[in-house]
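Read the structure below first, then the notes.
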Amino acid sequence: NTNTIHFDNPVYQKTTED
Amino acid sequence: LEGMVFNVKYLGMTLVGQPKGEDMASAAIRRIVAMARASAKKFRKVTLTVSPKGIIITDTETTDLIENVSIYRISYCTADKTQDKVFAYVSQSQFNETLECHAFLCQKKKIAQAVTLTVAQAFKVALDLWEIAQ
């Protein structure tokens, strides 16, 4: 048995210009 | 930093309404797998190169570039418990604001988990680099 592994991306929609 | 390489098969993509979430991803993967099974086509062999810059997808046989997905367009990655050989990510389309879930069939459950953990590590390194750049 396994659980779903999942991760959010903390840099999603960030840009280097921010 | 240089990128980790995985050889997988492309199952397909579907549009999704949210950038993240286990239920959203699970339903999207179910739809993609159902569509892939219904189609008679052989799955395209692709090579994923995962780095803090993003995911580069090339055709394994021809080495043609399929897509270069910037890390800043990727919102989520997962290895689903019910489709346990599948790795999937959600990204914003390169053409518009829509969100897409792309799914890939791996040879083993362990590989799907390894791809997911590698992408998660790329997220973390990308955040470190982003913070340094500020």
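Values in this text are rule-based calculations from the coordinates and carry no lab data. Every value quoted in this text rests on a predicted model; they were computed, and no experiment measured them. Backbone-built Cβ (ideal geometry, glycine too); neighbour counts: all protein chains shown.
Some points to look at:
- Distance between modelled label sites at residue B:4 and residue B:124, nm, 7 Å Cα→Cβ extension: 1.1 nm
- Computed label-point distance, nm, for sites residue B:134 and residue B:62 using a 7 Å Cα→Cβ extension: 4.2 nm
- Listed residues B:119, B:86, B:33, most fluctuating in chain B (Gaussian network, C-alpha, under 10 Å): B:33
- Gain in span if fully extended, residue B:18 to residue B:93, counting 0.36 nm per residue against the direct Cα distance: 25.7 nm
- Mean ellipticity per residue at 222 nm, deg cm²/dmol - from DSSP H runs of n ≥ 4 across chain B, formula -39500 (n - 2.57): -11000 deg cm²/dmol
- For a straight C-alpha distance cut-off of 16 angstrom, the lysines reachable from residue B:124 (same-chain residues fewer than eight places away being disregarded) are A:14, B:53.
- Among the trypsin sites (Lys or Arg not before Pro) in the range B:1-82, those placed in a DSSP loop whose Cβ has at most 13 other Cβ atoms within 10 Å are B:41, B:42.
- For the range B:74-81, 3J(HN,Hα) per residue [Karplus equation, 6.51 cos²θ - 1.76 cosθ + 1.60, θ = phi - 60°, Hz, x = Gly/Pro]: 8, 9, 6, 9, 7, 10, 7, 6
- Charge context of residue B:19, other residues only, Cβ under 12 angstrom, K/R +1, D/E -1: -1
- Between B:105, B:11, B:65, the residue with the greatest mean-square fluctuation in the GNM of chain B (Cα pairs under 10 Å linked by springs) is B:65.
- Label-point gap, in nm, between residue A:15 and residue B:45 - each point 7 angstrom along Cα→Cβ: 3.9 nm
- Entry note, chain B: relative contact order of 28 percent, from Cα contacts under 8 Å with a spacing of 6+ residues.
- For residue B:41, the lysines whose Cα falls under 16 Å of its own Cα, not counting residues fewer than eight places away in the same chain, are B:9.
- Applying the criteria of a DSSP loop state and at most 15 other Cβ atoms within 10 Å to the chymotrypsin sites (Phe, Trp or Tyr not before Pro) of the range B:54-114 yields B:95.
- Rounded to 10°, Cα long-axis angle of helix B:109-133 versus longest principal axis of chain B: 30 degrees
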